[in-house]
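None of the figures in this text is laboratory data; all of them are computed from the coordinates on show. If you're wondering where the values come from, they're calculated on a predicted model, not measured in any experiment. Virtual Cβ from ideal backbone geometry, glycine too; neighbours counted across all protein chains shown.
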Amino acid sequence: MSTSVLVTGCHQPLGHSLARLAALLPDVRLWLAGTPAQHCDALCDTIRQDSPECHVHSVPPEDCLSPASMLTVSGAKLVLHAEGPFTQYTYQMAEACLAAGIPYIDAADRRTFMASFTGALHPLALKAGVPLICGASTSSLSSALLDEIAPQFNHIRDVRVTVIPGVRSLRPGSQLATLLSTVGRPMTVLRNGQKIREMSGRHLRKLSVPSVGRCSSMLCDMPDNETLPPRFPDLETLETRLALPGFLAPRAVWLLSHLRQGLQEESMPHPRGGQRPLTAAEQARLRRGQRMMPWLLKRLARGTSHAGGLIVEAHGDDSMGRPLTRVSSLIASAPEAAYLPILPVIALARQCLEDRASLLPGAYTTPGLLPLRSYMAESKLVQVLLEREAQRTQIVPATIGNETPSKRSVAQTQRTPAAV
């Protein structure tokens, strides 16, 4: 008997990828929610071609406005929430699942959203016996990578987490758009045992990554700043960084951080030191520059590698007290990189579908919940999906005798599936 699973945010890149992968889970009846409705209808058609064994439906547009209506129409027994950006402190979908007694898993990747989740919902979820799981995204993978190398250390002192987005999409809800939304805003960095205020998007650093090439990384506010220190009490320094390939794109982000800071503080550095107020004309120029940045970044990202992943670098000492450095990385080439951030959601969804009792009741975040091998086991589904997509999109031209296929047929034959 199939289980109804509701996937939200299907009109956004993250929800789109999640729905396509969730359709490969055994014995599920998929309900897709998102606006506008034509995006969900088109996605339903795609899933029916790639995963004919899955029954898929779209939630009517009028019911997408209310979480309770979505749950009623779909009859969901599990909710996979991917409708970003996760920037608000309201947890309407999680609260609706709590009221209905339905397990909830989201792909939140914002520190502010995850930081308040447990405190706001854990007592009620624990009393109701409902699992509400937050942050099944990149932070789960980085934490699992660190757990892989942690047994080699006696104490871990310094950690640097670098995220390389595999999809250069700037549409709302995409991984890159979420990370860039923090640029130019203050963040708290743990450095030498003290919390220091820094600006996201600053402190460029060069690095070279296999399959990606030369990159530049910059400070970026991520959930790891909240989730890692409690799990590693000896941690003295923690940096979370965003890396972009090429030379110009990272520097454009650096410029964006200065533009946003200037607009927020309504001041700029004075040549003789200190700050001076912005004039109305200067504020107008800064706003024009800020509006142009997405357009500029989109063009600067063209031609760069679409490989992406995570790099976790740890420093500390071993059992003999000797200095020790270890690097753990997870890099995927395009188009597999588009599915990396949602592997934790799929792994937890599979566990819930097989045995709901295996998920503890309460509201909590995912870092440290499952080992890396559980997440990577779901990469087999990605390979199955990409193979089916290749079969669907590849058109083999029919030739008679020595007839040469047309230029259009050759172009279609050589076409490769694009990343979501």
_Net charge of Cβ neighbours under 13 Å - reference A94; Lys, Arg +1; Asp, Glu -1_ = -3
*Tell me, rounded to the nearest percent, the portion of alpha carbon pairs in the range 107-170 spaced more than 17 Å apart.*
59
*In terms of modelled amide H atoms, which long-range or inter-chain residues lie less than 5 Å from the amide H of A307?*
A334
_Can you give the local net charge around S374? Use residues other than it whose beta-carbon is closer than 15 angstrom to its beta-carbon, Lys and Arg +1, Asp and Glu -1._
-2
_Please list, ordered by chain and number, the residues whose modelled amide H lies under 5 Å from the amide H of R157; skip anything fewer than 5 residues away on the same chain._
H315, G316, D317
_I'd like the Karplus ³J(HN,Hα) series for the range 319-336: coefficients 6.51, -1.76, 1.60, θ = phi - 60°, whole numbers in Hz, and an x wherever there's a Gly or Pro._
5, 8, x, 8, x, 9, 10, 9, 10, 10, 9, 9, 10, 10, 8, 6, x, 4
*asked:* Can you list residues from other chains, or at least 5 along the same chain, whose modelled amide H is less than 5 Å from the amide H of V56?
replied: L30
